[in-house]
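As structure tokens, the structure follows; a few thoughts come after it.
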Amino acid sequence: MTRIGIVGAGAAAAAATYALDEAIDDASVTVLEKSRGVCGRAATRRRGDVVYDYGANYVKSEDDRVVDLLTGTLDTDGLVDVEEPIWTFDRDGTVSEGRDADEHKWTYRQGLTQIAKRLFARTDATIRQETRIDRLIRDANAGPADPQWRLEDDDGETWGPFDVLCLNPPAPQTAELLRSAAWDADVRTSLVDAIEDVPYRTVWTGVLHYPFELEKPYYALVNADKDHEIGWVAREECKPGHIPEGESLLIVQANHDWSVAHYDDDLGENIRALAAMTVDILDDDRLTDPDWTDHQGWRYAQPEAGVLEGPLRAAEDANLYCLGDWVAGEGRIHAALRNGLDVSERIVLSR
Ligand SMILES: Cc1cc2nc3c(=O)[nH]c(=O)nc-3n(C[C@H](O)[C@H](O)[C@H](O)COP(=O)(O)OP(=O)(O)OC[C@H]3O[C@@H](n4cnc5c(N)ncnc54)[C@H](O)[C@@H]3O)c2cc1C
């Protein structure tokens, strides 16, 4: 039996779990996820009849293997495309008709978390939610053919042993796990150094719901010159199945500097500030008073660069694999999914 332990249940982990389960007959995969849901930053919430993606907005059709995974392997029932375009706004809040570069902007009627839910559902893997891994342990006394990795969660429970260990958390959290690992090897230091170097963008997201419809010709507005405190405003009602008729819901993402400066500020103040800026950009005073709101701080929203590959490959000799958007070098769902498939291929080849 090949015992595989995966920390984190993001898109990359889901793709890897699916591919490993397909390719290795005797695979026994255990996925340990700290939160209550799966799919990580491709996150969806439901409130009554309202469904909204409050992390990633949509998945692009940029990678052929990922397109095949989403439209060939997985059931396409409920897969929907946002057809309205993306326009731009500048530092003064002036809106212009933008060029919509994305061929498809996919999500699901039930939200983006369907990607991981559907991938995991195709496997025999054990998925343990609300299990935060605190410590990695490598058994120094195990023989080369023995499983060498164990994991400890924050309740002190031990998981494993595993022949192969995969780490899916964002780079800073993966670095933290490796820094405190009981693993006496030179490669650990160069690995931590490389992973710590990955820079991240922080995003504070406001979710603003209104009991009326907005008449706009676009799905979303992106700040093209990156000089506005808001980076992105999207109309969730453009996603089929998300917002009941007669209502609207805006996803408003602050830019990095604003998000860092206000990350721990009063929630109500933050929402009021984002709503006020949205009023100016969309030129609609009614947007001052949403009837309900939600929010999420994403300290590690998207990696802004990739990671040095050498130390990651060296760690693979110890059956330790990192996977995720930061390993791919692009903070996108399709990049994370593709990386999960690529990493699983290397694991299969190593067996
Ligand atoms: C605000 C925002 C907007 C975005 N917009 C887009 C977009 O429009 N299009 C797009 O393609 N991408 C977008 N992205 C990026 C996209 O969400 C990510 O690239 C992708 O989801 C990353 O997947 P992943 O598997 O690499 O990691 P994650 O999704 O981060 O998964 C890692 C998982 O590990 C878990 N974890 C962490 N530490 C532990 C631990 N110690 N123990 C157990 N579990 C742990 C986490 O809870 C998480 O579930 C956006 C992201 C954000 C935040």
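The numbers here are math on the coordinates, done by the rules we state, and not lab data. This is a predicted model, so every value here is computed, not measured. Cβ placement follows ideal geometry from the backbone for every residue including glycine, while neighbour counts extend to all protein chains displayed.
Under Stokes-Einstein, with the Kirkwood radius over Cα pairs standing in for Rh, what whole-number D in µm²/s applies to the chain at 10 °C and 1.306 mPa s? Roughly 75 µm²/s, to the nearest whole number. Listed by Cβ neighbour count within 10 Å, with the fewest neighbours leading, 60, 226, 105, 239 appear as 226, 60, 105, 239. I need the helices of the chain that pass two filters: whole DSSP H segments spanning 24 Å or more by Cα along the axis, and mean Kyte-Doolittle score no lower than -0.5. The qualifying helices are 333-350. Between 202, 190, 168, the Cα set farthest toward the positive side of the dipole of the range 151-220 (charges on each charged residue's Cβ, about the Cα centre) is that of 202.
Of interest is the spacing of the C-alpha centroids, which for the range 189-236 and the range 295-351 amounts to 22 Å.
The HN-Hα couplings worked out from phi for the range 240-253 by the Karplus form 6.51 cos²θ - 1.76 cosθ + 1.60 (θ = phi - 60°) are x, x, 8, 10, x, 4, x, 10, 9, 9, 9, 9, 10, 9 Hz, whole numbers, x standing for Gly and Pro.
Going by amide H atoms built from the backbone, whose H comes under 5 Å of the H on residue 230, apart from near neighbours? Residues meeting the criterion, in which the H sits 1.01 Å from N, are 255. Residue exposure proxy: 195, 24, ordered by other Cβ atoms within 10 angstrom of their Cβ from fewest to most, comes out as 24, 195.
Within 10 Å of each candidate Cβ there may be at most 13 other Cβ atoms; applying that plus a DSSP loop requirement, which GluC sites (Glu not before Pro) in the range 56-105 survive? Mind dumping the intermediate values first?
Values: sites: 62, 83, 97, 103; in loops: 62, 83, 97, 103.
Taking the range 56-105 and a limit of 13 other Cβ atoms within 10 Å, the loop GluC sites (Glu not before Pro) found are 83, 97, 103.
Dipole size of the chain about its Cα centre, with +1 on Lys/Arg Cβ and -1 on Asp/Glu Cβ: approximately 880 debye, rounded to the nearest 20.
What percent does the relative contact order of the chain come to when contacts are Cα pairs within less than 8 Å and at least six residues apart? Don't skip to the answer; put the middle values down first.
Working: 780 pairs, mean separation 83.8, N = 351.
Reported as a whole number, the value is 24 percent.
Distances between placed amide hydrogens fall under 5 Å for residue 134 paired with 152, 153, 154, all partners being 5 or more residues away or on another chain. Taking 31 Å as the cut-off for C-alpha to C-alpha distance, list the pairs among 60/216; 34/60; 34/226 that go past it. Result: 34/226 exceed 31 Å. Shown in residue order for the range 70-79 are the 3J(HN,Hα) couplings computed by the Karplus curve 6.51 cos²θ - 1.76 cosθ + 1.60 at θ = phi - 60°: 6, 10, x, 7, 7, 4, 8, 4, x, 6 Hz (x for Gly and Pro).
Net charge within 12 Å of residue 200 by Cβ-Cβ distance, Lys/Arg positive one each and Asp/Glu negative one each, not counting residue 200 itself? So the surrounding residues net to -1.
For the chain, the 222 nm mean residue ellipticity estimated from helices alone, with every DSSP H stretch of n ≥ 4 adding -39500 (n - 2.57) and the total spread over all residues, rounds to -8000 deg cm²/dmol.
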